Amino acid sequence: IDVKGLAQGLSVSQTPIREAINKLVEQGLVEAKPYRGYFVVQLSQRDIQELFDLRKSLETLALRYVYENVDGEKLKELLKRLDDLEQRGFPVRDTQKFDEDFHLGFLIKGSGNKWLEKFANGVIDLIKLTTRLSMNPRAACEEHKEILQAVARRDFNMAIRALEDHLERAKRESVQATQKQQAE
């Protein structure tokens with residue numbers, strides 16, 4: 001990461017850039033190498049697997065909270081957006097936006113648990129380094145729909161199973177994409 005170049009490009013001193021980068025270091029997104037500089041973290045396959053396992057635990061807990069106080073209007077809105085994505089052929093950018101709204105908005109923020117939100121956001125930020133390589137829009141939308149429909153039917157066990165299956169598929173694809181990228 002070119003600290004000097006960023007500072008010049010943003011017309012600020014290097015101090016706020018370094019402070020921001022140090023926060024990214026604390027979050028695990030950037031690695032500081034003494035006398036060499038700052039570098040974006042390259043996650044190993046094991047890192048990805050462990051992060052997805054942690055994410056699965058956090059999101060299933062979030063789903064428990066959401067399930068207790070489910071917002072029927074929010075469910076309808078999300079299901080309508082999924083139908084719209086399907087009719088438009090699952091455009092990648094719009095599907096990624098929906099995915100973020102679903103996981104970070106509906107589940108994590110919707111849990112109402114500020115501590116869960118804090119930890120989950122950090123884990124998901126790290127996972128975002130790999131998921132852009134492996135996005136499967138059709139599968140993601142179908143899985144989101146299955147989760148939402150289970151919540152709407154008040155079938156908690158099915159909603160949990162569907163969420164776990166969804167995150168396991170995403171984990172497999174992220175690991176495969178990382179393997180492919182490292183082989184190139």
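Quick notes on this one:
- Listed by position, the helices (runs of 4 or more DSSP H) enclosed by region 85-184 that each have at least 2 residues that are at pLDDT 95 or above and farther than 14 Å from V66 by Cα are 137-152, 156-183.
- Any pair with Cβ under 7 angstrom, 6 or more apart, that starts in region 115-126 at a residue that is over 19 Å from S174 (Cβ atoms) and ends at one that is in a helix (DSSP H, G or I) and open to solvent by 60 Å² or more (accessible area, probe 1.4 Å): L116/L61; E117/K109
- Search result, residues across region 1-23 that are open to solvent by less than 50 Å² (accessible area, probe 1.4 Å) and over 25 Å from A120 (Cβ atoms): V3, G5, A7, I17
- Residues satisfying the criterion are absent from region 98-105 (criterion: over 15 Å from the mean Cα position of the chain (by Cα) and without any contact (Cβ under 8 Å) to a residue 60 or more places away in the chain).
- Filtered by the rule that a residue be closer than 22 Å to F119 by Cβ, out of contact with any Leu (no Cβ under 9 Å at 6 or more places or on another chain) and open to solvent by 80 Å² or more (accessible area, probe 1.4 Å), region 24-48 gives E26, E31, R46.
- Residue match in region 49-68 (condition: surrounded by 12 or more Cβ atoms within 10 Å (Cβ to Cβ), among the charged types (D, E, K, R) and in contact with a Phe, Trp or Tyr (Cβ under 6 Å, 6 or more places away or on another chain)): no
- Of all residues in region 147-176, none satisfies the criterion of being open to solvent by 10 Å² or more (accessible area, probe 1.4 Å), without any contact (Cβ under 8 Å) to a residue 60 or more places away in the chain and touching a Lys or Arg at 6+ places or on another chain (Cβ under 9 Å).
- Selection count where residues are over 22 Å from R138 (Cα atoms), part of a helix (DSSP H, G or I) and touching a residue at least 40 places away in the same chain (Cβ under 8 Å), scope region 65-84: 4
- So R55, is it touching a residue at least 12 places away in the same chain (Cβ under 8 Å), under 30 Å from R138 (Cα atoms) and not hydrophobic (A, V, I, L, M, F, W, C): yes
The values are calculated or read from the model by the stated rules, or taken from the named source; none is laboratory data. Values in this document were obtained by computation on a predicted structure and should not be read as measured data. Note: ideal-geometry Cβ built from the backbone for every residue, glycine included; neighbour counts use all protein chains shown. For the accessible areas, the whole protein counts, side chains as well, though only heavy atoms, and no ligand, DNA or RNA atoms are used. Shrake-Rupley method; radii C 1.70, N 1.55, O 1.52, S 1.80 Å.
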